[in-house]
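Here is the structure we will look at, set down as structure tokens.
The values are calculated or read from the model by the stated rules, or taken from the named source; none is laboratory data. Bear in mind that the values here come from a model prediction, so they are computed numbers and not experimental data. Reconstructed Cβ throughout: ideal geometry from the backbone, glycine too, with neighbour counts over all protein chains shown.
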Amino acid sequence: MPWTSKDAERHTHKATTEELQALWAKVANECLDRTGDEGRAVREANAVVARQSGS
């Protein structure tokens, strides 16, 4: 089941805006499609959001 922007709140506190939450979901779903690894997808999405948020 693909992640939604609402799921970002459970996985990272850095996705503070709707845009960052949508970005998190997009990156996580793309990585999951590419690798099939949920843990890696969450880690990659968290890293992208952290870079975008400036933290």
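In region 9-24, the residues that are modelled with pLDDT of 95 or more and surrounded by 12 or more Cβ atoms within 10 Å (Cβ to Cβ) form Cβ pairs under 7 Å with partners that are in a loop (DSSP other than H, G, I, E, B) and among the hydroxyl-bearing types (Ser, Thr, Tyr), at six or more places apart or across chains, as follows: TRP24/THR12. Residue pairs whose Cβ atoms lie under 8 Å apart, separated by 6 or more positions or on different chains, with the first residue in region 29-51 and under 15 Å from THR12 (Cβ atoms) and at pLDDT 95 or above and the second assigned to a helix (DSSP H, G or I) and hydroxyl-bearing (Ser, Thr, Tyr), are ALA41/THR35. Among the residues making up region 24-43, those that are touching a helix residue (DSSP H, G or I) at 6+ places or on another chain (Cβ under 7 Å) and within 14 Å of ASP7 (Cβ to Cβ) are TRP24, ALA25, VAL27, ALA28, CYS31, LEU32, GLU38, ALA41, VAL42. Scanning region 33-47 for residues that are hydrophobic (A, V, I, L, M, F, W, C) and either surrounded by fewer than 19 Cβ atoms within 10 Å (Cβ to Cβ) or in a loop (DSSP other than H, G, I, E, B) (or both) yields one hit, ALA47.
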